[in-house]
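Novice: Once you've had a glance at the structure underneath, I'll fire off some questions.
The values are calculated or read from the model by the stated rules, or taken from the named source; none is laboratory data. What you see is a predicted model; the values in this text were computed from it and never measured. In this analysis, Cβ positions are derived from the backbone assuming ideal geometry, glycine residues included, and neighbour counts consider all displayed protein chains. Each accessible area value is taken on the protein alone, full model and side chains, heavy atoms only, with ligands, DNA and RNA left out. Shrake-Rupley method; radii C 1.70, N 1.55, O 1.52, S 1.80 Å.
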Amino acid sequence: MQKTILITGAGTGIGRDSAVALARRGHSVIATTHTEQQALDLRAYGHAQGVALETFKLDITLPEDRALAEPLVLDVLINNAGIGESGSLAEVDMERVRHNFEVNVFGTLALTQLVLKGMLARQQGTVLLVSSIAGRVPMPFLMPYSMTKFALSAAGAGLRAELDLLKQNVHVALIEPGAFHTGFNQQMSARKFDWMGADSYFAAHADALRAKEAREFKLVEARSTDAIVRKIVQASEARRPRLRYVAPWIQGFVVRLARILGV
Ligand SMILES: NC(=O)c1ccc[n+]([C@@H]2O[C@H](COP(=O)([O-])OP(=O)(O)OC[C@H]3O[C@@H](n4cnc5c(N)ncnc54)[C@H](OP(=O)(O)O)[C@@H]3O)[C@@H](O)[C@H]2O)c1
(Lines give C-alpha, C1' and ligand atoms only; values in the text may rest on other atoms or scores of the structure.)
Protein backbone atom coordinates (compact mmCIF):
# COMPACT_ATOMS: atom_id res chain seq x y z
CA MET A 1 0.00 0.00 0.00
CA GLN A 2 1.32 3.42 -0.91
CA LYS A 3 1.96 5.56 2.15
CA THR A 4 2.62 9.22 2.76
CA ILE A 5 5.87 9.44 4.70
CA LEU A 6 7.60 12.48 6.20
CA ILE A 7 11.25 12.16 7.09
CA THR A 8 13.41 14.72 8.91
CA GLY A 9 17.09 15.47 8.34
CA ALA A 10 16.84 14.02 4.84
CA GLY A 11 19.40 16.37 3.27
CA THR A 12 22.22 13.90 3.82
CA GLY A 13 23.20 10.40 4.96
CA ILE A 14 20.73 7.79 6.17
CA GLY A 15 17.79 10.17 5.81
CA ARG A 16 18.50 10.96 2.18
CA ASP A 17 19.11 7.33 1.26
CA SER A 18 15.90 6.26 3.05
CA ALA A 19 13.89 8.98 1.30
CA VAL A 20 15.04 7.76 -2.12
CA ALA A 21 14.52 4.07 -1.23
CA LEU A 22 10.97 4.72 0.04
CA ALA A 23 10.09 6.80 -3.02
CA ARG A 24 11.43 4.01 -5.28
CA ARG A 25 8.96 1.67 -3.59
CA GLY A 26 6.13 3.93 -4.65
CA HIS A 27 5.54 5.86 -1.44
CA SER A 28 4.83 9.54 -1.44
CA VAL A 29 7.86 10.96 0.39
CA ILE A 30 8.04 14.36 2.03
CA ALA A 31 11.76 14.70 2.61
CA THR A 32 12.46 17.59 4.97
CA THR A 33 15.85 19.14 5.59
CA HIS A 34 17.75 21.29 8.04
CA THR A 35 18.29 24.15 5.56
CA GLU A 36 16.61 25.68 2.50
CA GLN A 37 19.66 24.90 0.37
CA GLN A 38 19.55 21.22 1.34
CA ALA A 39 15.87 21.13 0.33
CA LEU A 40 16.74 22.48 -3.15
CA ASP A 41 19.70 20.14 -3.52
CA LEU A 42 17.66 17.15 -2.37
CA ARG A 43 14.91 17.78 -4.88
CA ALA A 44 17.54 17.82 -7.64
CA TYR A 45 19.21 14.73 -6.17
CA GLY A 46 15.89 12.87 -6.14
CA HIS A 47 15.31 13.88 -9.73
CA ALA A 48 18.73 12.54 -10.71
CA GLN A 49 17.85 9.27 -8.93
CA GLY A 50 14.60 9.03 -10.91
CA VAL A 51 12.23 9.78 -8.02
CA ALA A 52 10.06 12.77 -7.16
CA LEU A 53 10.64 13.96 -3.61
CA GLU A 54 8.61 16.75 -2.07
CA THR A 55 11.13 18.71 -0.04
CA PHE A 56 11.07 21.65 2.32
CA LYS A 57 13.11 23.01 5.20
CA LEU A 58 11.99 21.75 8.59
CA ASP A 59 14.41 22.65 11.39
CA ILE A 60 13.02 20.45 14.14
CA THR A 61 14.10 22.91 16.85
CA LEU A 62 11.91 25.70 15.45
CA PRO A 63 8.21 25.72 16.43
CA GLU A 64 7.24 27.58 13.23
CA ASP A 65 8.96 24.91 11.11
CA ARG A 66 7.43 22.05 13.08
CA ALA A 67 3.99 23.61 12.62
CA LEU A 68 4.33 22.99 8.85
CA ALA A 69 3.95 19.26 9.52
CA GLU A 70 0.78 19.48 11.61
CA PRO A 71 -1.80 19.81 8.80
CA LEU A 72 -0.21 17.05 6.68
CA VAL A 73 -2.00 13.71 6.45
CA LEU A 74 0.84 11.34 7.22
CA ASP A 75 0.94 7.56 7.49
CA VAL A 76 4.52 7.50 8.74
CA LEU A 77 6.79 10.01 10.48
CA ILE A 78 10.48 9.16 10.43
CA ASN A 79 12.37 11.19 13.02
CA ASN A 80 15.85 10.93 11.57
CA ALA A 81 17.39 14.38 12.16
CA GLY A 82 20.16 14.40 14.72
CA ILE A 83 23.48 15.87 15.76
CA GLY A 84 26.37 14.55 17.82
CA GLU A 85 28.34 16.35 20.51
CA SER A 86 31.31 14.68 22.15
CA GLY A 87 33.75 15.20 25.00
CA SER A 88 34.10 14.05 28.58
CA LEU A 89 31.17 14.58 30.93
CA ALA A 90 33.77 15.78 33.45
CA GLU A 91 34.23 19.01 31.54
CA VAL A 92 31.98 19.42 28.48
CA ASP A 93 30.04 22.70 28.51
CA MET A 94 26.45 21.99 29.56
CA GLU A 95 25.21 24.25 26.77
CA ARG A 96 26.57 21.73 24.27
CA VAL A 97 24.84 18.88 26.08
CA ARG A 98 21.63 20.90 26.30
CA HIS A 99 21.74 21.71 22.59
CA ASN A 100 22.27 18.06 21.71
CA PHE A 101 19.16 17.19 23.75
CA GLU A 102 17.29 20.10 22.15
CA VAL A 103 17.74 18.59 18.69
CA ASN A 104 17.80 14.83 19.28
CA VAL A 105 15.19 14.59 22.03
CA PHE A 106 13.06 17.72 22.56
CA GLY A 107 12.76 18.78 18.89
CA THR A 108 12.03 15.18 17.93
CA LEU A 109 9.38 14.68 20.59
CA ALA A 110 7.75 18.06 19.94
CA LEU A 111 7.38 17.22 16.25
CA THR A 112 6.11 13.76 17.15
CA GLN A 113 3.42 15.24 19.40
CA LEU A 114 2.16 17.48 16.60
CA VAL A 115 2.01 14.67 14.07
CA LEU A 116 0.40 12.29 16.58
CA LYS A 117 -2.61 14.62 16.81
CA GLY A 118 -3.58 13.78 13.23
CA MET A 119 -2.62 10.12 13.50
CA LEU A 120 -4.71 9.62 16.65
CA ALA A 121 -7.66 11.47 15.12
CA ARG A 122 -7.48 9.22 12.03
CA GLN A 123 -6.66 6.16 14.17
CA GLN A 124 -3.77 5.19 11.98
CA GLY A 125 -0.05 5.84 11.75
CA THR A 126 3.52 4.89 12.57
CA VAL A 127 6.20 6.99 14.22
CA LEU A 128 9.81 5.88 13.85
CA LEU A 129 12.52 7.29 16.10
CA VAL A 130 16.02 6.95 14.70
CA SER A 131 18.02 6.34 17.86
CA SER A 132 21.34 4.46 17.93
CA ILE A 133 23.11 1.54 19.49
CA ALA A 134 24.91 4.39 21.33
CA GLY A 135 21.54 4.59 23.14
CA ARG A 136 22.00 1.04 24.42
CA VAL A 137 25.61 1.07 25.68
CA PRO A 138 27.46 4.12 27.09
CA MET A 139 30.14 5.47 24.76
CA PRO A 140 32.95 7.19 26.70
CA PHE A 141 33.90 10.61 25.26
CA LEU A 142 30.75 10.53 23.10
CA MET A 143 28.39 10.70 26.08
CA PRO A 144 26.62 13.99 25.26
CA TYR A 145 25.32 12.23 22.13
CA SER A 146 25.01 8.78 23.69
CA MET A 147 22.82 10.17 26.50
CA THR A 148 20.42 11.73 24.00
CA LYS A 149 20.01 8.38 22.29
CA PHE A 150 19.49 6.58 25.63
CA ALA A 151 16.72 9.09 26.28
CA LEU A 152 15.24 8.60 22.81
CA SER A 153 15.27 4.80 23.01
CA ALA A 154 13.59 4.98 26.42
CA ALA A 155 11.07 7.50 25.09
CA GLY A 156 10.25 5.27 22.14
CA ALA A 157 9.63 2.20 24.28
CA GLY A 158 7.52 4.16 26.77
CA LEU A 159 5.48 6.05 24.16
CA ARG A 160 4.83 2.82 22.30
CA ALA A 161 3.35 1.22 25.42
CA GLU A 162 1.25 4.33 26.14
CA LEU A 163 -0.23 4.40 22.63
CA ASP A 164 -0.84 0.64 22.66
CA LEU A 165 -3.24 1.26 25.53
CA LEU A 166 -5.41 3.45 23.26
CA LYS A 167 -5.71 0.62 20.67
CA GLN A 168 -5.93 3.18 17.87
CA ASN A 169 -3.57 1.52 15.40
CA VAL A 170 -0.89 4.15 16.01
CA HIS A 171 2.53 2.57 16.51
CA VAL A 172 5.97 3.68 17.63
CA ALA A 173 9.19 1.88 16.74
CA LEU A 174 12.89 2.45 17.25
CA ILE A 175 15.50 2.34 14.54
CA GLU A 176 18.87 1.68 16.17
CA PRO A 177 21.71 1.95 13.66
CA GLY A 178 25.19 0.76 14.45
CA ALA A 179 28.07 2.71 12.91
CA PHE A 180 27.61 3.77 9.27
CA HIS A 181 30.04 5.83 7.23
CA THR A 182 28.03 8.97 6.57
CA GLY A 183 30.54 11.45 8.05
CA PHE A 184 28.38 11.83 11.16
CA ASN A 185 30.75 9.93 13.46
CA GLN A 186 33.86 11.77 12.26
CA GLN A 187 32.17 15.16 12.82
CA MET A 188 31.00 14.12 16.27
CA SER A 189 34.40 12.76 17.26
CA ALA A 190 36.18 15.90 16.00
CA ARG A 191 33.86 18.37 17.75
CA LYS A 192 35.42 17.91 21.19
CA PHE A 193 38.92 18.64 19.94
CA ASP A 194 37.73 22.14 18.96
CA TRP A 195 37.39 23.05 22.64
CA MET A 196 39.62 20.58 24.54
CA GLY A 197 42.56 22.86 25.24
CA ALA A 198 45.74 22.50 27.29
CA ASP A 199 43.65 22.83 30.47
CA SER A 200 41.50 19.78 29.65
CA TYR A 201 41.77 16.92 32.17
CA PHE A 202 42.42 14.75 29.14
CA ALA A 203 44.92 17.00 27.31
CA ALA A 204 47.68 14.42 27.63
CA HIS A 205 45.39 11.77 26.09
CA ALA A 206 43.92 13.89 23.29
CA ASP A 207 46.15 12.72 20.44
CA ALA A 208 45.80 9.06 21.39
CA LEU A 209 42.05 9.47 21.78
CA ARG A 210 41.71 11.10 18.37
CA ALA A 211 43.70 8.31 16.73
CA LYS A 212 41.77 5.58 18.60
CA GLU A 213 38.36 6.93 17.60
CA ALA A 214 39.44 7.35 13.97
CA ARG A 215 40.77 3.78 13.96
CA GLU A 216 37.69 2.30 15.60
CA PHE A 217 35.19 4.06 13.35
CA LYS A 218 37.20 3.04 10.30
CA LEU A 219 37.12 -0.55 11.50
CA VAL A 220 33.46 -0.84 12.45
CA GLU A 221 31.61 1.54 10.16
CA ALA A 222 29.52 -0.05 7.41
CA ARG A 223 30.49 1.65 4.15
CA SER A 224 26.96 1.66 2.73
CA THR A 225 23.71 2.63 4.46
CA ASP A 226 21.82 -0.19 2.73
CA ALA A 227 21.34 -2.37 5.82
CA ILE A 228 19.74 0.36 7.92
CA VAL A 229 17.73 1.76 5.01
CA ARG A 230 16.22 -1.71 4.55
CA LYS A 231 15.16 -1.69 8.23
CA ILE A 232 13.62 1.77 7.86
CA VAL A 233 11.65 0.62 4.81
CA GLN A 234 10.56 -2.54 6.65
CA ALA A 235 9.41 -0.61 9.72
CA SER A 236 7.63 2.01 7.58
CA GLU A 237 5.68 -0.63 5.69
CA ALA A 238 4.87 -2.93 8.63
CA ARG A 239 1.24 -3.15 9.73
CA ARG A 240 2.45 -3.38 13.30
CA PRO A 241 6.18 -2.62 13.51
CA ARG A 242 8.41 -4.31 16.06
CA LEU A 243 9.83 -2.24 18.91
CA ARG A 244 13.41 -2.27 17.60
CA TYR A 245 15.13 -2.48 14.25
CA VAL A 246 18.92 -2.79 14.46
CA ALA A 247 21.56 -2.99 11.71
CA PRO A 248 24.22 -4.13 11.00
CA TRP A 249 23.10 -7.24 12.92
CA ILE A 250 26.62 -8.02 14.15
CA GLN A 251 26.88 -4.65 15.91
CA GLY A 252 23.44 -5.21 17.44
CA PHE A 253 24.57 -8.63 18.65
CA VAL A 254 27.73 -7.21 20.27
CA VAL A 255 25.68 -4.53 22.03
CA ARG A 256 23.19 -7.09 23.33
CA LEU A 257 26.08 -9.18 24.61
CA ALA A 258 27.66 -6.13 26.27
CA ARG A 259 24.38 -5.42 28.06
CA ILE A 260 24.03 -9.02 29.25
CA LEU A 261 27.58 -8.84 30.59
CA GLY A 262 26.75 -5.55 32.30
CA VAL A 263 29.35 -3.48 30.41
N1 LIG B 1 26.00 7.32 10.97
C2 LIG B 1 25.96 6.55 12.04
O3 LIG B 1 26.90 5.78 12.33
C4 LIG B 1 24.76 6.59 12.95
C5 LIG B 1 24.70 5.63 13.96
C6 LIG B 1 23.62 5.61 14.80
C7 LIG B 1 22.61 6.54 14.66
N8 LIG B 1 22.68 7.47 13.68
C9 LIG B 1 21.59 8.43 13.59
O10 LIG B 1 21.07 8.44 12.30
C11 LIG B 1 20.53 9.73 12.01
C12 LIG B 1 21.09 10.20 10.68
O13 LIG B 1 22.49 10.32 10.81
P14 LIG B 1 23.49 10.24 9.56
O15 LIG B 1 24.55 9.29 9.91
O16 LIG B 1 22.75 10.08 8.31
O17 LIG B 1 24.18 11.68 9.66
P18 LIG B 1 23.89 13.03 8.87
O19 LIG B 1 24.16 12.82 7.42
O20 LIG B 1 24.62 14.12 9.57
O21 LIG B 1 22.32 13.22 9.05
C22 LIG B 1 21.74 13.99 10.05
C23 LIG B 1 20.87 15.03 9.38
O24 LIG B 1 20.11 15.74 10.38
C25 LIG B 1 20.14 17.11 10.03
N26 LIG B 1 19.86 17.99 11.14
C27 LIG B 1 20.67 18.39 12.15
N28 LIG B 1 20.03 19.24 12.96
C29 LIG B 1 18.78 19.38 12.46
C30 LIG B 1 17.65 20.13 12.84
N31 LIG B 1 17.67 20.94 13.92
N32 LIG B 1 16.53 20.04 12.10
C33 LIG B 1 16.49 19.24 11.00
N34 LIG B 1 17.53 18.51 10.58
C35 LIG B 1 18.66 18.58 11.31
C36 LIG B 1 21.54 17.31 9.49
O37 LIG B 1 21.64 18.53 8.79
P38 LIG B 1 23.07 19.32 8.78
O39 LIG B 1 23.94 18.51 7.87
O40 LIG B 1 22.72 20.68 8.28
O41 LIG B 1 23.55 19.32 10.20
C42 LIG B 1 21.71 16.06 8.62
O43 LIG B 1 21.16 16.27 7.34
C44 LIG B 1 20.90 10.63 13.20
O45 LIG B 1 19.81 10.72 14.08
C46 LIG B 1 22.04 9.86 13.87
O47 LIG B 1 22.11 10.12 15.24
C48 LIG B 1 23.74 7.52 12.82
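Novice: Using a simple spin-label model with points 7 Å from Cα along the Cα→Cβ vector, what separation in nm is obtained for Lys218 and Arg98?
Specialist: 3.8 nm
Novice: Determine, for each peptide in 197-209, 68-80, the mean count of other beta carbons within 10 angstrom over its residues, then list the peptides with the highest first.
Specialist: Order by mean packing, descending: 68-80, 197-209.
Novice: Here is a further query. Under a 1.4 Å probe, what is the accessible area of the chain per residue, stated in Å²?
Specialist: Roughly 49 Å² per residue, with all protein chains present.
Novice: Could you work out [θ]222 nm for the chain from helices alone, using -39500 (n - 2.57) per DSSP H run of at least four and dividing by all its residues? Round to the nearest 500 deg cm²/dmol.
Specialist: -15000 deg cm²/dmol
Novice: Assuming 0.36 nm per residue, please report the length gained on full extension of the stretch Ser28 to Phe193 beyond their Cα-Cα distance.
Specialist: Extra length from Ser28 to Phe193 when fully extended: 55.3 nm.
Novice: With a Förster radius of 51 Å, plug the Cβ-Cβ distance of Ala121 and Asp207 into 1/(1 + (r/R0)^6) and report the FRET value to the nearest 0.05.
Specialist: 0.35
Novice: Something else about it: Given the Cα-Cα distance of Ala44 and Lys167 and 0.36 nm per residue of separation, how much length would full extension add, in nm?
Specialist: Residue separation times 0.36 nm, minus the Cα-Cα distance, leaves 40.2 nm.
Novice: Then there is this: Roll a 1.4 angstrom probe over the protein heavy atoms and tell me the percent of accessible area of the chain that is carbon or sulfur.
Specialist: 57 percent
Novice: Here's something else I'd like to know. Assign unit charges at the C-beta atoms only (+1 for Lys and Arg, -1 for Asp and Glu), then state the dipole size of the chain relative to its Cα centre in Debye, rounded to the nearest 20.
Specialist: With only Lys, Arg, Asp and Glu charged at Cβ, the dipole is about 1120 debye.
Novice: Give the peptides 7-20, 167-180, 214-227 in descending order of average Cβ contacts within 10 Å, highest first.
Specialist: 7-20, 167-180, 214-227
Novice: Pick out, from Ala21, Pro241, Ala39, the residue whose Cα sits farthest towards the positive end of the charge dipole of region 4-260, with +1 on the Cβ of Lys and Arg and -1 on the Cβ of Asp and Glu.
Specialist: Pro241
Novice: Please compute the contact order of region 167-227 in relative form: average sequence separation of alpha-carbon pairs under 8 Å and at least six residues apart, divided by the residue count, as a percent.
Specialist: 53 percent
Novice: Do me a favour and compute the ellipsoid semi-axes for the chain from its Cα gyration tensor, root of five times each eigenvalue, largest one first, whole Å.
Specialist: Taking √(5λ) for each Cα gyration eigenvalue gives 31, 20, 18 Å.
Novice: Using the Cα centre of region 4-260 as origin and beta-carbon charges of +1 (Lys, Arg) and -1 (Asp, Glu), tell me which of Pro177, Ala227, Ala134 is placed farthest towards the positive end of the dipole.
Specialist: Towards the positive end, the residue furthest out is Ala227.
Novice: Pop a pseudo-label 7 angstrom from the Cα along the beta-carbon direction at both Val73 and Gln113 and give the gap in nm to one decimal.
Specialist: 2.6 nm
Novice: Given charges of +1 on the Cβ of Lys and Arg and -1 on the Cβ of Asp and Glu, with all other atoms neutral, how large is the dipole of region 116-226 about its Cα centre, in debye to the nearest 20?
Specialist: 240 debye
Novice: Please identify the helices of the chain, taking whole runs of DSSP H, that span at least 15 Å along their own axis as judged from the Cα atoms and have a mean Kyte-Doolittle score of 0.0 or higher.
Specialist: Span-like helices here: 13-24, 108-122, 143-166, 226-237, 249-260.
Novice: Students often forget the sequence filter, so: which aspartates and glutamates lie under 16 Å Cα-Cα from Lys3 once same-chain residues fewer than 8 apart are removed?
Specialist: Qualifying aspartates and glutamates at Cα under 16 Å: Glu54, Asp75, Glu237.
Novice: If you don't mind, there's one more thing I want to ask. Counting only pairs 8 or more residues apart or on different chains, how many lysine pairs in region 4-260 have their Cα atoms under 20 Å apart?
Specialist: 5
Novice: Evaluate the relative contact order of region 4-260 (contact order divided by residue number), counting alpha-carbon pairs under 8 angstrom at least 6 apart; express in whole percent.
Specialist: Computed value for region 4-260: 18 percent relative contact order.
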